[in-house]
Structure formats: C-alpha cells, structure tokens
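First the structure, in the form of structure tokens, and then the observations on it.
The values are calculated or read from the model by the stated rules, or taken from the named source; none is laboratory data. Just so it is clear, the structure is predicted and the values come from calculations on it, not from any experiment. Here the Cβ positions follow ideal geometry from the backbone for every residue, glycine too, while neighbour counts run over all protein chains shown. Side chains are part of the model used for accessible areas, which takes the heavy atoms of the whole protein and leaves out ligands, DNA and RNA. Shrake-Rupley method; radii C 1.70, N 1.55, O 1.52, S 1.80 Å.
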Amino acid sequence: MIASLTLQHTFCFCFFLFSAFVSCHSNNRIPPEGAIRLTMGLRVNKTIKSLNVSCRKEIGSSWFRSLFVHTVDARKDAHSNLLSKKETSNLYKIQFHNVKPECLDAYNSLEAEVQHRLHQDQDYPCEVVGSWNTWYGEQDQAVHLWRYKGGYPALTECLKKLNNNKEYLEFRKERAKMLISRRNQLLLEFSFWNEPLPRQGPNLYEMRTYYLKVSGLLLHSENDMSHNRARAITYRQENSEAVGGFFSQIGDLYVVHHLWAYESLQSREETRNSAWLKEGWDVNVYYTVPLIRSMESRIMIPTKSSPLQ
C-alpha cells in the first residue's frame, strides 16, 4: 500500500512538472532547473515502478509456493500398524450404555447372565475384559470392554452367530427397554501398554479418555513419542495400576483410552503425585499435552461378573 501511494504521489509530481514544462515551452522559455527536475522525476518514477513489480513478484511467488510446497515424512505403513501390537491380532470393542436410573440393577443382572453364557460357549470368539458402572462422571452408565481374538474376522463371525441366536435377540429386546442411549467404538491396543488380564479386587478403575488433535495420533507414532509413552508406563507400574491403553479405529476417531486400577481414590492421588518425582515424567507431559484437544476422566466400579475386579 505504501509503495502504491508513493507511486501516485510521484505521478502527480511528474505531471505537475510536465505541465509546467509545456507551459514554458509554449512561451519559448525552458528554465534549466525545471528540465532537471522533470528528468529526475521521470527517473524516480521508473525506479519505483521497477521495485514495486519486483516486490510483488517475490511476495506472490512466496505466497503461492507456500500453498503447495510442504515437507512430508515418508511412511511405509499405516499408523495403526506402527502403534499397535505386532504379536497379537486382538480387536477390542468398548460399549457405553446410558441406563434408566430405575433399571440399573436389573440391567447389570441381565448383562451378567448373557456374558456368562457367551464365555461358556467356545463357538463365540469373544470375551468380556471388564464391566463397570460409572461412579464419578456420567451417571447411571455401564461400560463394557470386549476382546475379539483374531481381529475383524473374529468380530464378523461373532456378530453373524449372535444375529442367528434367538436367545440373544430376546436379550437385546429386553435390554433396549432399560436403555436411554448407547454407543461403541472399535479399538486397538498400544504396543507399549499391558494386555488387560483378570485381576483380583477390590479395585476402583479410572478410564482417562483423550480427544486428540488430528495430528496428535500421528505424532504418537514417532519413535521419540512412543519411547516417552513407554517410559511413562514404567513410572506408573509400582503398584501394577496400568491396566491397558487403546486407540480408536472405528467410531469417534483420534480418541485414546487409558485404563488404570487403584485401591482407593486416596491411593490414586498418591500414585499420580509420586509420578512427578520421577525423572522424565515432566518431559513426557510436556510432549503430550500439546497433542490433546480435550479429555475426561471416569471413576468406575466393576460389576460382580467383571473379570477385572
């Protein structure tokens, strides 16, 4: 804008000199100082035009180049393969069921019965990892974590068999009467987390859910980030409180779930505070926090039938 204004002022000045020159020439008088000023003005005008065009080309070229020229790291595999365990082909499903408050006890009994039958039947390649009711967080909510050994083929096989199971279809109808809403996600487990195994109680469980920026999960797969996360788990294993870590594949994407077990809320506070006394924990937090869009915490109580007590 400054260059444009300068150009306008110069043009006006040159036009004024040119008018004076013509007027003097018509009277056969050409003052030497007028001719000199006219020549200088024209030279200045030409120089400014040259600089203005050059500057515009440079800015335009730089701006245009920035739209298309990006440096992208080469990838040889899907990020889910880089993050998940290679030695297993387990697929996990997490269910969130919002239950009518007056139906919660009946719902828990019905779910326990169906889970027990599925565990007894070897034809179904699925098992419940844990079942909980939310204590702090969204109220009157049931959370179930299922494991399908064999990945997507096992999930497909299981769904086909259940859809042909009359008893299961009746269970779904009965359960639907007790629910307000429900949703689920398909998950893979992080390579640097433990595989969830049955444990004795009594414990309370915390599920910390992280909603990442779109680039957040991609950065999770970088070597330094994975290394930091793996070290972070060791900082929190003094009392075997790390249960499992998962990231979403289908459903809400760029979502990470960390599952922890504690003896009490007091032990949870002490464990989390002690992590800050360990060298490297602050570095892990420093690199992780910028990746997070939002997060939430659920404190959950296991149901009587849950393998994780």
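Just so you know, in region 163-182 the residues that are without any contact (Cβ under 8 Å) to a residue 60 or more places away in the chain and under 19 Å from Phe96 (Cβ atoms) include one that is least open to solvent (accessible area, probe 1.4 Å), and it is Ala176. Of all residues in region 122-143, those satisfying the criterion of being of a type in the set (S, T, N, Q), over 20 Å from Ala154 (Cβ atoms) and part of a strand (DSSP E or B) are Asn133, Thr134, Gln141.
Every test in (1) under 16 Å from the mean Cα position of the chain (by Cα); (2) crowded, with 19+ Cβ neighbours inside 10 Å; (3) at pLDDT below 80 is passed by Leu218 save one, and that test is (2). Residues of region 283-305 that are surrounded by fewer than 11 Cβ atoms within 10 Å (Cβ to Cβ) and either assigned to a strand (DSSP E or B) or among the charged types (D, E, K, R) (or both): Ser294, Lys304. Please determine whether any residue of region 111-118 is open to solvent by 30 Å² or more (accessible area, probe 1.4 Å) and either of a type in the set (S, T, N, Q) or under 24 Å from the mean Cα position of the chain (by Cα) (or both). Within region 111-118, not a single residue is open to solvent by 30 Å² or more (accessible area, probe 1.4 Å) and either of a type in the set (S, T, N, Q) or under 24 Å from the mean Cα position of the chain (by Cα) (or both). Residue pairs whose Cβ atoms lie under 8 Å apart, sitting 6 or more positions apart in sequence or on different chains, and linking a residue in region 186-202 that is modelled with pLDDT of 85 or more and of a type in the set (A, V, I, L, M, F, W, C) to a partner that is open to solvent by 50 Å² or more (accessible area, probe 1.4 Å) and in a strand (DSSP E or B), are Leu186/Gln249; Leu186/Ile250; Leu187/Gln249; Leu188/Gln249. Residues that are open to solvent by 40 Å² or more (accessible area, probe 1.4 Å) and aliphatic (A, V, I, L, M) within region 261-282 comprise Leu265, Leu277, listed in sequence order.
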